[in-house]
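Q: Quick one: this structure, given as structure tokens, is what I'll be asking you about.
The values are calculated or read from the model by the stated rules, or taken from the named source; none is laboratory data. Small disclaimer: the values here were computed from a predicted structure and weren't measured. Positions of Cβ are backbone-derived with ideal geometry, glycine not excepted, and every protein chain shown enters the neighbour counts. Just the protein is used for accessible areas: all its heavy atoms, side chains included, with ligands, DNA and RNA removed. Shrake-Rupley method; radii C 1.70, N 1.55, O 1.52, S 1.80 Å.
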There are 4 protein chains.
Amino acid sequence: MNPQPTSTPPDIIRAAYAELIVTDLAASRAFYVGVLGLVVTHEDDEAIYLRAFEEYLHHSLVLRLGPVAALAALAYRVRSQDEVAVAADYYRELGVRVEPRAVGATRGIGEAVRVEDPLGFPVEFFYDAEHVERFTRRYDVHGAGAISRLDHFNVMTPDVEAARAYHEALGFTVSEDIQDSAGTTYAAWMYRKPTVHDVALTGGDGPRMHHIAFATHEQHQILHICDHLGALRQSDKIERGPGRHGVSNAFYLYLRDPDGHRIEIYTQDYYTGDPDNPTLTWDVHDNQRRDWWGNPVVPSWYSEASAVLDLDGVVRPLVARTEPAEAAVTIGADGFSYTREGEPSPEYKLGHQL
Amino acid sequence: MNPQPTSTPPDIIRAAYAELIVTDLAASRAFYVGVLGLVVTHEDDEAIYLRAFEEYLHHSLVLRLGPVAALAALAYRVRSQDEVAVAADYYRELGVRVEPRAVGATRGIGEAVRVEDPLGFPVEFFYDAEHVERFTRRYDVHGAGAISRLDHFNVMTPDVEAARAYHEALGFTVSEDIQDSAGTTYAAWMYRKPTVHDVALTGGDGPRMHHIAFATHEQHQILHICDHLGALRQSDKIERGPGRHGVSNAFYLYLRDPDGHRIEIYTQDYYTGDPDNPTLTWDVHDNQRRDWWGNPVVPSWYSEASAVLDLDGVVRPLVARTEPAEAAVTIGADGFSYTREGEPSPEYKLGHQL
Amino acid sequence: MNPQPTSTPPDIIRAAYAELIVTDLAASRAFYVGVLGLVVTHEDDEAIYLRAFEEYLHHSLVLRLGPVAALAALAYRVRSQDEVAVAADYYRELGVRVEPRAVGATRGIGEAVRVEDPLGFPVEFFYDAEHVERFTRRYDVHGAGAISRLDHFNVMTPDVEAARAYHEALGFTVSEDIQDSAGTTYAAWMYRKPTVHDVALTGGDGPRMHHIAFATHEQHQILHICDHLGALRQSDKIERGPGRHGVSNAFYLYLRDPDGHRIEIYTQDYYTGDPDNPTLTWDVHDNQRRDWWGNPVVPSWYSEASAVLDLDGVVRPLVARTEPAEAAVTIGADGFSYTREGEPSPEYKLGHQL
Amino acid sequence: MNPQPTSTPPDIIRAAYAELIVTDLAASRAFYVGVLGLVVTHEDDEAIYLRAFEEYLHHSLVLRLGPVAALAALAYRVRSQDEVAVAADYYRELGVRVEPRAVGATRGIGEAVRVEDPLGFPVEFFYDAEHVERFTRRYDVHGAGAISRLDHFNVMTPDVEAARAYHEALGFTVSEDIQDSAGTTYAAWMYRKPTVHDVALTGGDGPRMHHIAFATHEQHQILHICDHLGALRQSDKIERGPGRHGVSNAFYLYLRDPDGHRIEIYTQDYYTGDPDNPTLTWDVHDNQRRDWWGNPVVPSWYSEASAVLDLDGVVRPLVARTEPAEAAVTIGADGFSYTREGEPSPEYKLGHQL
Ligand SMILES: [Ca+2]
Ligand SMILES: [Fe+2]
Ligand SMILES: [Fe+2]
Ligand SMILES: [Fe+2]
Ligand SMILES: [Fe+2]
């Protein structure tokens, strides 16, 4: 990637929608509509356009049928239609590929631009979008696990510090991060809207999509999603959690969709909208950083993530992380985690399982 | 033990209190009062007497200072003072040791009887007890993790079928159990009051106390207890959960007190009070039986349990389980578990952890 | 009614089902199935048989089409089939009308007996009943306002003290009541199963059915039912609440079904199963007795109730209450209520509304 | 007030703190600390400085001892220290009184400015403020009714349309309002941060402070506050609710502090941060606008509000509303409200009470 552009970055409002390639629309529909209860704005043989109950734009998730499960785009909304052109100019100056998108290139979305960002992710910037009914008060269709809105993206990238610098230049601010005493950064959470994040950067071989996250209002709605999957004999779609994050303080659950895409359900992080919002740095060895209750992270959560496509729809090759891996430094012979600094942990917190 | 008595068994109402030997009263107090919020009825240099917010008897838990952490007694309440004598006669006929207890032998408790039951547990039967203020509506002292009442005992015993027969003779009914296709029973849940259980029988080397369980009204109260332990940097007291049980359908959490005694916090099992309440048998290989969400059971939960004392206060020797162990048949090279019968499970449900 | 029988009363387990006459089955179905989410066991042109998610008997509510909205029967389950005959004998000795019911006289119910009880209510006693699937773990069909089970009946009767004596003879115990300093009883809560009540006696012109109540697990499920009715533009079906009862300490909501039958949704009263469970008497002038938050009771709640049928299906004439009415002594010029005894209340707690 | 200024308005972030004059600090402390659980940053003989659990600025509420209960200031935070001067210039151009505030004029707050805004309210703009510990994860001190942060102010003003225009010029956007078919505006909700509001304008004799509102995470935390007040025999501090707002969709509760200041506890409105966030206009006759469940608004809620002080500490005289009053057009002989347009409502929704 080129040096830092001199032009102004686009004024990004928030993480707005993701486009996922899925290999079986019916299976995906059973998960996203049948279990998660997302509202179908439109569906046809090629794609399903979904939104959550408090969203009034056409969609916050597109499931598009394709041969290989992958991420096709992460879309940010910008503050006005003019900012789409600002984004195009900015990324052209960055020297990455930039593709204009005509009105309706994605159903419900106006003239937009997609770029291959310097980290290798397919990213869209848009403003114009079709408005649809906001189901905020449609309690007649809210299920027991009602989801309110898309909250954030989480991307896996080898060099978290570089990714952080790139996002800071783009106007994102770090709310929390995970470091070690040597200064290595393992992950960072960055926001535009005043929540803990719109995008999280997770250190690992990349570019890959680690997960996208939707928000509920209350914790019991997340618990119900687990119960619901149990009732369907699909508890194996629950990968990690539910639990309380240390980072973000949110209550969370990680699911795997029928293609293995990871979906987080998330609630109750905190307001970050003041300019002096304190940044919180966690020690990578603090066993409460990823789960405030100290419950072990499952290995797949660290190692697996979705392939991402370039703008031609070709899967991106991976670049390996060269800095230490969070799993390696926290678990097993070469790592350690503590509940109270300097004290050994009980076996059941070490992640050794039968 | 002798053949089945011909005399009538005592009319047991419910699991009523446990007496635990703890080695540091201050540390125990910090856990049971500081974190769990139990109400202190009385405390002195030798013991702390605790109750939950909806209980009006003197205590449902006694923490008594002693040299070795152990269970000193599981106490059942019987329907009248006369039933105490009925219990004494019944156990004498069973041929086990029976000790009368004078009024106040345990503070707050009337004339009672303690026995060494045929499974090797120290069990008390009592009716008379001091009444104290019921804090049902004392919301000024209810914390965010308010506990309502003691719910059940869980004991580890080598031969679950024998233990079940013994409890059936005593008037308990099985609500649910875990078996394999060969008919081996791994665990059974048995009740007197119309809930899923007053006592659960867990197959393993015994006699040991697996856990005692307290009930809350709502799930969020259990989640708060986890959050609270995190805030105190004591997340290592969270051993397993929170989660949804398959068996009992209750929402649960397992903690370890400062002496390692296991305490469950539990809510929302179901009514069993009709005589034809259906018994539910789970396949030991069903990965949703212990956790409806399929989350792995930590090894310590299967292997560790509290020593129990005889009526002289001496730790009971263990008798090994000779039938297959639940952990062995469900996990690892010699075991298997399924989410959907006949299908392999994903790695993160197998209990393999980093 | 005759003097107290010398024969043994039937061994009643609990309030088990109600049969309501409704005038429009489709409208009733929209309410009980569409909003409350009850499970349809059977329906035809004449009746709908409903159960809640944790119930395994054929139904806990029968809605039967008829010309006049009324209560057709309150049914108690007894401990065995033999107890049905015991009930018949007991009521014959009481001198009231007793009608045997053949198997299937009510679909799903075995041989039973219906009586016109001494208070004028049509009451059934049954044991045999068809078992159906228990939906305890069917979270795929549990809505956000999931109801677990029928909890209790509430009947309006002129002489609460007489009604209390009649129920005590029948084996019910009072958990709580409302009295004044002169000893007049305004209401009493009486139980067989170990909850606050199976039947509540409300002083007023009777016999009328004040309400029947279903239980949920958590408070948010009750709040959702309100939200759901708002979304359907049927908020006028919400008569009173949600709120916290003083009596019983339960969280509550009163709805009116399409025929005006009052349905309570109720959660989290307390365990009463020990023989020495303390009885709690509330002062009728205590403004927290009916609502712990002191919110005013709406007038209709005191004055309106469902007609009841005799065993020929004819509406029972009313007998007027001769003792003071609770509404009269607590509100308005002739009454008073206090938050703290001896202090005046603010206007918004007096029930004066614009 | 002068014509619209030509200068730029200050860049306001959000409603940040209120300063209330109270007449008994101990009584206020018992309410705000004892019941609401706010954290004391500082207290002395003259004032108590309070914050909620997720706030890191010195305070979001100042309770200052004074002879007459009143509002002393509503403080907005601006985006930088420079914006304080921008605010001063803007209000000077508006022709209202502007008073600079030295560092520490309010403890914990830097150099600021207070104005008598054109509506007659004492309003402060500040940026610099002392940072204190953010108690987000201090679950050891979170009570069952834990409050997260200040959410909004609600002011009573005679001419809502003028007040709306003034706030729009200041950069606020309307999320929702209440109007009648003749175009009269009864109330409007306006935001800077991306929630439903930072300030609500309520039509009525003014300037008066209608209420200030704090947010919790979940509904049960609000219910607990009611239970807690009941336990303290202070249920008469509950003025209205709990309920679900139509406007904002938030779950709410209105309390009256010991001086009669109205405090709302509020949770779960929705995200408004996109520029095209749809504005929602409610018909004043829609009985679900103020309470989605149709429960009547108590008269005091419409008629009572706190006096406001000018910058000399003198109570502002009231200007009467000349347009129709919401209470008058919705209740009683001259008003009407509907659940479904064109249909009569049941008695218990009309607000007629015993
Ligand atoms: Ca809840
Ligand atoms: Fe996430
Ligand atoms: Fe248990
Ligand atoms: Fe009731
Ligand atoms: Fe408000």
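Q: Give the residues of the stretch A:1-31 whose amide nitrogen is closer than 20 Å to a point set 7 Å from the Cα of D:THR8 in the direction of its Cβ.
A: Only A:7-13 pass the distance filter.
Q: Right, next: Using a 10 angstrom cutoff on alpha carbons, build the Gaussian network for chain B and name the most mobile of B:GLY335, B:GLY145, B:GLY110.
A: Fluctuation is largest for B:GLY335.
Q: Evaluate peptide D:295-305: per residue, the Cβ atoms of other protein chains within 10 Å of its Cβ; return the mean as an integer.
A: 4
Q: Using a 7 Å offset from the Cα along the Cα-to-Cβ direction at both D:ASP45 and B:ASP44, what is the distance between the two label points in nm, to one decimal?
A: Rounded to a tenth, the inter-label distance reads 4.7 nm.
Q: Which log10 I(q)/I(0) values, to two decimals, does the stretch D:136-198 give at q = 0.19 Å⁻¹ under the Debye formula with one point per Cα?
A: -0.75
Q: Applying the Karplus parametrisation 6.51 cos²θ - 1.76 cosθ + 1.60 with θ = phi - 60° to the phi angles of the stretch D:212-226, what ³J(HN,Hα) value in whole Hz is obtained for each residue in order, glycine and proline being reported as x?
A: Those phi angles translate into 10, 10, 10, 9, 10, 7, 10, 5, 4, 5, 6, 4, 5, 4, 5 Hz.
Q: How big is D, in µm² s⁻¹, for the stretch D:178-272 by Stokes-Einstein at 10 °C and 1.306 mPa s if Rh is the Kirkwood radius over C-alpha pairs?
A: Details: Rh = 14.5 Å.
This corresponds to a translational diffusion coefficient of 110 µm²/s.
Q: Looking at chain B only, what percent of DSSP beta bridges run antiparallel? Nearest 5 please.
A: On the way: 58 of 82 bridges.
Counting DSSP beta bridges with both partners in chain B, the antiparallel share is about 70 percent.
Q: Hey, rough spin-label estimate for A:ARG233 and A:ARG92, points 7 angstrom out along Cα→Cβ, what's it come to in nanometres?
A: Once both label points are built, they end up 5.8 nm from each other.
Q: Using Cα-Cα distances under 8 Å and only pairs 6 or more residues apart, what relative contact order does chain A have, in percent?
A: Values: 863 pairs, mean separation 59.4, N = 354.
In percent, rounded to a whole number, it is 17.
Q: Then there's this: Return a single number: how many Lys pairs in the protein assembly as shown, at a sequence separation of 8 or more or on separate chains, have alpha-carbon atoms below 28 angstrom apart.
A: Lysine pair count for the protein assembly as shown: 14.
Q: With +1 on each Lys and Arg Cβ and -1 on each Asp and Glu Cβ, and nothing else charged, work out how big the dipole of the stretch C:1-83 is about its Cα centre, in Debye to the nearest 20.
A: 220 debye
Q: Mind jotting down a quarter of the surface of the convex hull over the alpha carbons of the stretch D:65-183, in square nanometres, one decimal?
A: 10.9 nm²
Q: At a cut-off of 40 Å², which residues of the stretch B:54-75 become less accessible once all protein chains are present than in their chain alone, using a 1.4 Å probe?
A: Residues of the stretch B:54-75 that lose at least 40 Å² of accessible area once the other chains are added: B:TYR56.
Q: What does the accessible area of B:LYS237 come to, in Å² to the nearest 10, when a probe of 1.4 Å is used?
A: The value for B:LYS237 is about 40 Å².
Q: I need the semi-axes of the equivalent ellipsoid of the stretch C:13-82: take the C-alpha gyration tensor, multiply each eigenvalue by 5, square-root it, list largest first in whole angstrom. Working shown, then result.
A: Values: eigenvalues 92, 44, 17 Å².
Value: 21, 15, 9 Å, ordered largest first.
Q: When N counts the residues of the stretch A:289-336, how does its alpha-carbon radius of gyration compare numerically with 2.2 N^0.38 Å, as a ratio? If you can, show how the numbers build up before the last one.
A: On the way: Rg = 14.7 Å, N = 48, 2.2 N^0.38 = 9.6 Å.
Against the compact-globule rule of thumb, the ratio is 1.53.
Q: Which percent, nearest 5, of DSSP beta bridges in the protein assembly as shown are antiparallel? Present the calculation step by step, with values, prior to reporting the outcome.
A: Working: 232 of 328 bridges.
Once the DSSP bridges in the protein assembly as shown are tallied, antiparallel ones form about 70 percent.
Q: Say we join alpha carbon atoms closer than 10 Å with springs in a Gaussian network model of chain C; which of C:PRO194, C:PRO275, C:PRO317 then has the biggest fluctuation?
A: Looking only at C:PRO194, C:PRO275, C:PRO317, the largest GNM fluctuation is found for C:PRO275.
Q: If I ignore ligands, DNA and RNA and count only protein heavy atoms, how much of A:PHE172 is accessible to a 1.4 Å probe, in Å² to the nearest 10?
A: About 10 Å², rounded to the nearest 10.
Q: Assuming a ≥ b ≥ c are the square roots of the Cα gyration tensor eigenvalues, decide whether chain C counts as rounded (a/c under 1.5), prolate (otherwise, with a/b larger than b/c) or oblate.
A: Oblate, since a/c reaches 1.5 and b/c is not below a/b.
Q: Applying a 10 Å radius around every beta-carbon, put D:261-267, A:328-334 in order of their mean neighbour count, most first. Walk me through the numbers before you get to the answer.
A: Values: D:261-267: 23.7, A:328-334: 15.9.
Result, highest mean Cβ count within 10 Å first: D:261-267, A:328-334.
Q: Be a star and scan the stretch C:260-304 for residues whose amide nitrogen sits under 15 Å from the point 7 Å along the Cα-to-Cβ vector of C:ALA328.
A: C:302-303
Q: Among the GluC sites (Glu not before Pro) within the stretch C:281-354, which fall in a DSSP loop and have no more than 16 other Cβ atoms within 10 Å of their own Cβ?
A: Listed in order of number, the matching sites are C:GLU341.
Q: So how exposed is C:LEU170, as accessible area in Å² (1.4 Å probe, rounded to 10)?
A: Result for C:LEU170: roughly 0 Å² accessible.
Q: At 20 °C and 1.002 mPa s, grab the translational diffusion coefficient of the stretch B:259-354 from Stokes-Einstein with a Kirkwood Rh over Cα pairs, rounded to a whole number in µm² per second.
A: The calculation lands on 129 µm²/s.
Q: Using +1 at the Cβ of each Lys and Arg and -1 at the Cβ of each Asp and Glu in chain C, identify which of C:VAL298, C:GLY37, C:GLY246 lies farthest towards the dipole's positive end.
A: Going by the Cα projections, it comes out as C:GLY37.
Q: What is the diffusion coefficient of the stretch A:6-124 in µm²/s, taking the Kirkwood radius over Cα pairs and the Stokes-Einstein relation at 4 °C with a viscosity of 1.567 mPa s?
A: 86 µm²/s
Q: Normalised by the residues of the stretch D:88-202, what does the relative contact order come to in percent, with Cα pairs under 8 Å and at least six apart?
A: 16 percent
Q: If you don't mind, another one. Could you tell me the calculated FRET efficiency between B:THR281 and A:ALA30, based on Cβ-Cβ distance and R0 = 22 angstrom, to the nearest 0.05?
A: After rounding to 0.05, the efficiency reads 0.15.
Q: Evaluate the charge dipole of the stretch B:178-275 about its Cα centre and quote only its size in Debye, nearest 20, assuming +1 on the Cβ of each Lys and Arg and -1 on the Cβ of each Asp and Glu.
A: Dipole size: approximately 80 debye.
Q: Once you treat every alpha carbon in the stretch C:172-226 as an equal point and sum by Debye, what is log10 I(q)/I(0) at q = 0.16, 0.18, 0.22, 0.30 Å⁻¹?
A: The Cα Debye sum returns log10 ratios of -0.66, -0.78, -0.95, -1.13.
Q: If you don't mind, there's one more thing I want to ask. How many partner chain Cβ atoms sit within 10 Å of a residue's Cβ in peptide C:268-280, on average, as a whole number?
A: Details: counts 4, 2, 10, 10, 0, 9, 11, 6, 8, 2, 4, 0, 3.
Rounded to a whole number, the mean comes out at 5.
Q: Shifting gears a bit: Among C:19-25, C:307-313, how do they line up from the highest to the lowest mean number of other beta-carbon atoms within 10 Å?
A: Per-residue Cβ counts within 10 Å, averaged per peptide and sorted highest first, yield C:19-25, C:307-313.
Q: Report in % the part of the accessible area of chain D that belongs to carbon and sulfur, leaving out ligands and nucleic acids; probe 1.4 Å. Can you show the working numbers first?
A: Values: 5540 of 10880 Å².
Ligands and nucleic acids excluded, carbon and sulfur give 51 percent.
Q: Which of D:VAL174, D:SER28, D:PRO278 sits closest to the plus end of the dipole of chain D, meaning its Cα is farthest towards the positive end, when Lys and Arg get +1 and Asp and Glu get -1 on the C-beta?
A: Working it through, the farthest residue towards the positive pole turns out to be D:SER28.
Q: Let me ask something additional. R0 = 56 Å: FRET efficiency of C:ARG340 with C:ASP310, Cβ-based, nearest 0.05?
A: Efficiency for this residue pair is about 0.75.
Q: Okay, next question. Taking only C-alpha pairs under 8 Å that are 6+ residues apart, what is the relative contact order of the stretch D:193-326 in percent?
A: Value for the stretch D:193-326: 34 percent.
Q: Am I reading the C/A interface right? What is its buried accessible area, both sides, 1.4 Å probe, to the nearest 100 Å²? Could you put the intermediate results ahead of the total?
A: Numbers: alone 14780 and 14760 Å², together 28560 Å².
When C and A are taken together, about 1000 Å² of accessible area is lost.
Q: I'd like the mean, over residues of C:187-199, of how many other protein chain beta carbons sit within 10 Å of each residue's own Cβ.
A: 1
Q: Still on this structure, I have one more. Send over the per residue convex hull volume for the protein assembly as shown, Cα only, as a whole number of Å³.
A: Numbers: hull volume 260.4 nm³, N = 1416.
In the protein assembly as shown, the Cα convex hull volume per residue is 184 Å³.
Q: Using the crude model of +1 on Lys and Arg Cβ and -1 on Asp and Glu Cβ, and no other charge, please compute the dipole size for chain A relative to its Cα centre, in debye to 20.
A: 600 debye
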